[in-house]
């Protein structure tokens, strides 16, 4: 094998390692974003469940939102909310990162516009994916309220 062949093999090997390293870094970053999003969704579920439940009860019972009875058992139904919010936030952050990278590589040089477009696209995809979960949650609680989701 000549010196030229050695340098070609070395070049191909280093490119393969760089590609593998890059994909591992990307996978690691996506995993971190997914985990952070799911943790964020978990926190959101526990913080906002009392208000979500009060809103649901105000519609179901046809009474004002701030009525005392709407806040009687604020953590009732939190398990469904945890799953929905954890999945929603867990999906959003990796999707936003993917769209941000794609738009940065193939779009206008405006960082603000790219961020806006990436967030909007991630939100649309997230809404389409999460809508069936919302419908199941509402249908399980009250079959008459399925038109609200």
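Read the figures in this text as sums done on the coordinates, not as results from a lab. Small disclaimer: the values here were computed from a predicted structure and weren't measured. We place every Cβ from the backbone using ideal geometry, glycine too, and count neighbours over all the protein chains shown.
Cβ-to-Cβ counts within 10 Å put 23, 88 in ascending order as 23, 88, the fewest first. When each of 113, 38 is scored by the number of other beta-carbon atoms lying within 10 Å, the sequence from fewest to most is 113, 38. Between residue 36 and residue 136, the contour length at 0.36 nm per residue exceeds the alpha carbon distance by 33.5 nm. Let me know the shape class of segment 31-148, please: from the alpha-carbon gyration tensor, a ≥ b ≥ c as square roots of the eigenvalues, rounded when a/c is under 1.5, otherwise prolate if a/b is greater than b/c, or oblate. Because a/c hits 1.5 or more and a/b exceeds b/c, segment 31-148 counts as prolate. At an R0 of 22 angstrom, the distance between the Cβ atoms of residue 29 and residue 83 translates into a FRET efficiency of 0.35. Applying 0.36 nm per residue to the separation of residue 68 and residue 22 and subtracting their alpha-carbon distance, the gain on full extension is 11.1 nm. Going by neighbour counts of Cβ atoms within 10 Å, the residues 71, 99 line up, fewest first, as 71, 99.
In this simple spin-label model, placing a label point 7 Å from the Cα along the Cα-to-Cβ direction at both residue 47 and residue 59 gives a separation of 2.2 nm. A simple spin-label model places the labels of residue 129 and residue 75 2.9 nm from each other, with each point 7 Å out along Cα-to-Cβ.
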